[in-house]
Amino acid sequence: MRNVERLLIKLVVIQFAFLLIAQALLTQDSFRIYLSKTLYYEGVVNGQQMPAKRQ
């Protein structure tokens, strides 16, 4: 049981490190274009606007 707890703690620490790295990269404008697909979905990158949905 102790080995499982150690493994879980290591996984949590690694996950937190990846979270911090991802957040740091998303604040950089040069990386944001490549990492965030919502920019492409919204049409921000190519300068086009999506038509508004009608309800």
Under the Karplus relation 6.51 cos²θ - 1.76 cosθ + 1.60, θ = phi - 60°, what is the ordered set of whole-Hz ³J(HN,Hα) values for the stretch 6-13, x standing for Gly and Pro?
4, 5, 5, 5, 4, 5, 5, 5
What distance in nm separates the two pseudo spin-label positions at Glu5 and Gln23, each 7 Å out from Cα along the beta-carbon direction?
2.7
I'd like the Karplus ³J(HN,Hα) series for the stretch 16-22: coefficients 6.51, -1.76, 1.60, θ = phi - 60°, whole numbers in Hz, and an x wherever there's a Gly or Pro.
5, 5, 5, 4, 5, 5, 5
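Here, each number is a calculation from the coordinates, and none is a lab measurement. Keep in mind that what you see is a predicted model, and the values were worked out from it rather than measured. Glycine gets a Cβ as well: all are built from the backbone with ideal geometry, and neighbour counts include every protein chain shown.
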